[in-house]
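Everything on this sheet refers to the single structure shown next.
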Amino acid sequence: MENHPVYIDTDPQVQTTTLNLGPTHPATHGVFQNVLEMDGERIVSGVSTIGYIHRAFEKIAEHRPFYQITPLTDRLNYCSSPINNMGWHMTVEKLLGIKTPKRVDYMRVIIMELSRISDHIICNTIIGQDTGATTPFLYLFQYREHIYEIFEEVCGARLTTNIGRIGGFERDFNDRVFAKLDKFLQTFPPALKEFESLLTRNRIFIDRTAGVACVKPEVALDYSWSGPLLRATGIDYDVRVNEPYSSYEDFEFDIPVGTNGDIYDRFNVRNEEMWQSLRIIEQAVEKMAKEEKGVFHADVPEFYLPPKEEVYNNMEALIYHFKIVMGEVDTPKTEVYHCVEGGNGELGFYLISDGGRSPYRLHFRRPSFINYQMYAPMSRGMLLSDAIINMSSLNVIAGELDA
Amino acid sequence: MGKLSNQEVLQKLTTRFGEQISIPVEPFGLLTFETGKENISEVLSFLKNDETLKFNYLTDITAVHYPEKELSIAVVYHLHSLSNNVRVRIKVFLESENPQIPTATSLWNGANWMERETYDFFGVNFIGHPDLRRILNVDDMTVFPMRKEYPLEDPNRVDKRDYFFGR
């Protein structure tokens with residue numbers, strides 16, 4: 001297939017138009033190029049071109065110590081970077097055999113579920129935006145801001161968080177974190193309810209989304225879809241349940257599934273997942289209160305960077321600091337695959353270690369990359385305006401697509 | 001964790017393929033074995049279509065470069081049986097000069113971009129792939145950058161040499 005298809009039929013009655021949708025189009029929310037063959041408003045065929053923001057993370061990762069790879073994972077799915085960060089930390093912990101305390105697991109669950117909510121807020125409000133409803137976007141988007149304030153309080157950063165360390169967190173949640181979390185848990189549910197009341201039974205919204213871009217479950221499996229997109233087709237695959245990590249088995253929550261796999265179902269699955277995330281966060285806060293206070297990392301001095309004041313005053317801490325930074329700690333020579341449920345689906349880390357300070361090979365299984373390849377085939381015969389909301393509902397994040 | 005144990009999966013595979021399957025290892029409970037490129041299509045389709053195994057979900061395809069080995073490119077498949085909740089990892093070692101392997105796109109459409117990515121970075125030629133061209137790198141690139149012989153940075157730089165850091 002040629003990269004830029006050129007139509008050569010000269011008959012004016014059947015001639016199609018080549019339309020470059022992207023790479024930077026205001027309607028695509030990211031760097032996506034699709035070269036579409038249009039017959040009037042309908043798409044005859046399309047070719048996706050990706051790689052515009054490819055940054056060679058897998059190559060860079062082969063030259064960095066484990067703890068310096070965390071900021072690279074930030075920039076994969078930057079709408080829910082804490083999930084990437086912690087997925088990476090858990091991969092390394094699995095490799096090194098580190099067992100984290102329960103309290104750390106619950107802290108992670110709180111942060112990960114908050115980022116899942118912020119990820120779904122973006123996706124669902126953007127679907128509304130693209131169908132012409134700007135109000136819900138403005139209403140709900142400020143709650144993403146509140147989530148970012150919590151992140152800021154925990155780690156000092158908002159978007160590219162670099163949150164946590166291998167073995168736990170760099171510091172404990174302080175009182176302001178809990179205060180902000182409480183405020184969020186009280187104010188967000190009514191706002192989400194209002195958001196739902198603006199869209200879920202909205203005639204215009206249903207007309208635009210229901211029955212559009214339906215995907216059958218077998219097709220979704222064939223294309224290795226995962227996450228809310230796969231669940232919208234009716235398959236209840238969720239990594240949090242299938243292979244619980246970070247003590248997800250301690251929580252009670254439901255996995256929402258759809259029936260038609262259309263845009264409306266994806267929207268509703270994401271909405272319901274936000275409610276379930278709230279449930280999980282409430283349980284996690286409760287469980288955390290029962291654990292021993294002040295535990296925020298595993299007791300692994302060979303891998304967890306000691307606090308700076310100890311490095312200057314304590315010999316062991318200085319030695320460990322030096323060993324960690326210079327990469328003198330031995331790691332097992334083996335390979336590990338660990339996956340977490342990211343905002344878009346199964347986010348996997350395939351890590352091969354040769355015993356050195358950096359991975360021998362690190363491969364990211366990026367859900368956006370794998371989900372997006374169906375976009376061009378499924379756009380055939382679709383109206384252009386439907387294809388636009390279809391792209392928003394896939395929630396493809398350019399950073400994760402191109403790595 | 002899964003309903004099927006690794007032993008049962010392995011039992012089925014060895015009765016079907018016998019010597020074609022290498023001695024398996026289980027790093028962190030994930031059944032890993034090697035096979036040859038002559039068998040990979042059959043192994044994949046057996047795993048996918050077998051009535052009890054049902055490895056119907058292709059999680060990932062990638063490759064690894066081991067320059068010190070004779071067959072230096074390893075193509076790695078991760079399969080997942082959703083109904084049994086068990087995973088396998090299959091490795092196929094290929095020579096580094098023009099590595100060739102049959103495509104998996106006939107079994108899963110999702111393999112399309114995964115194989116393109118593997119081709120793009122390692123130069124693995126997937127025979128029978130419908131549209132094998134570069135995906136993330138620029139089209140006119142001539143090398144396969146994830147191979148170990150390509151350095152990350154300019155090798156002539158001296159300010160990052162190990163001896164400056166006591167290594």
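The values are calculated or read from the model by the stated rules, or taken from the named source; none is laboratory data. Treat the numbers as computed from the prediction; the structure is a model and nothing was measured. Ideal geometry is used to build each Cβ from the backbone, glycine not excepted, and the neighbour counts take in all protein chains shown. Surface areas here come from the heavy atoms of the whole protein model, side chains and all, with no ligands, DNA or RNA. Shrake-Rupley method; radii C 1.70, N 1.55, O 1.52, S 1.80 Å.
State the three equivalent ellipsoid semi-axes of chain B, derived from the C-alpha gyration tensor as the square roots of 5 times its eigenvalues, in descending order and whole Å. List each step's numbers first, then the result.
On the way: eigenvalues 212, 79, 42 Å².
That gives 33, 20, 14 Å for the three semi-axes.
Starting from the 7 Å offset along Cα-to-Cβ, what nm value, one decimal, do you get for the label separation of A:Glu152 and A:Lys333?
4.9 nm
Evaluate the distance, in nm, between pseudo-label points positioned 7 Å from the Cα of A:Arg171 and of B:Phe17 along their respective Cα→Cβ axes.
It is 5.2 nm.
Karplus couplings for the stretch B:146-155 from phi (6.51 cos²θ - 1.76 cosθ + 1.60, θ = phi - 60°), rounded to Hz, Gly and Pro as x?
Along the stretch B:146-155, the couplings run 7, 5, 5, 6, 8, x, 5, 10, 4, x Hz.
Just in the stretch A:154-201: which trypsin sites (Lys or Arg not before Pro) are loop by DSSP and have at most 10 other Cβ atoms within 10 Å?
Filter output for the stretch A:154-201: A:Arg201.
Multiplying the sequence separation of B:Gln100 and B:Thr52 by 0.36 nm and subtracting their Cα-Cα distance, what value in nm do you get?
Answer, rounded to one decimal: 14.2 nm.
Carbon-plus-sulfur fraction of the accessible area of the stretch A:58-402, 1.4 Å probe, in percent?
After summing per-atom areas, the C and S share lands at 52 percent.
Quick check: pseudo-label points 7 Å beyond the Cα along Cα→Cβ at A:Leu138 and B:Asp159, how many nm apart are they?
Computed distance between label sites A:Leu138 and B:Asp159 equals 4.9 nm.
Quick one: which bits of the stretch A:198-235 get at least 40 Å² less accessible when the partner protein chains are in, versus the chain alone, with a 1.4 Å probe?
A:Leu221, A:Asp222, A:Ser224
Mean residue ellipticity at 222 nm from the helices of chain A, using -39,500 (n - 2.57) per DSSP H segment of n ≥ 4 over the full residue count, to the nearest 500 deg cm²/dmol?
-15000 deg cm²/dmol
Among the GluC sites (Glu not before Pro) within the stretch B:20-97, which fall in a DSSP loop and have no more than 14 other Cβ atoms within 10 Å of their own Cβ?
In loop regions of the stretch B:20-97 (DSSP not H, G, I, E or B), the sparsely surrounded GluC sites (Glu not before Pro) are B:Glu38, B:Glu51, B:Glu68, B:Glu70, B:Glu95, B:Glu97.
Taking every pair of alpha-carbon atoms in chain A, what share in percent sits in each 20 Å bin, from 0 to the bin with the longest distance?
26, 54, 18, 2, 0
Let me have the relative contact order for chain A, percent, based on Cα pairs under 8 Å that are six or more residues apart.
On the way: 729 pairs, mean separation 102.5, N = 403.
Averaging sequence separation for qualifying contacts and normalising by length gives 25 percent for chain A.
For all pairs of alpha-carbon atoms in the stretch A:82-205, what percent lies in each bin of width 10 Å, listed from the first bin to the last filled one?
Final binned percentages: 12, 39, 27, 16, 5, 0.
Estimate the FRET efficiency between A:Thr17 and A:Lys216 by the formula 1/(1 + (r/R0)^6), using the beta-carbon distance for r and 35 Å for R0, to the nearest 0.05.
With R0 = 35 Å, the Cβ-Cβ based efficiency is 0.70.
Tell me the angle of helix A:384-394 to the major Cα principal axis of chain A, expressed in degrees between 0 and 90 and rounded to the nearest ten.
20 degrees
What GluC sites (Glu not before Pro) does the stretch B:114-167 have in DSSP loop regions with at most 13 other beta carbons within 10 Å?
Within the stretch B:114-167, the qualifying GluC sites (Glu not before Pro) (loop, at most 13 other Cβ atoms within 10 Å) are B:Glu149, B:Glu153.
Let's test the formula: R0 of 51 Å, r as the Cβ-Cβ distance of A:Ile204 and B:Asn125. What FRET efficiency results, to the nearest 0.05? Working shown, then result.
Working: r = 50 Å, r/R0 = 0.98.
Working from the Cβ atoms, E equals 0.55.
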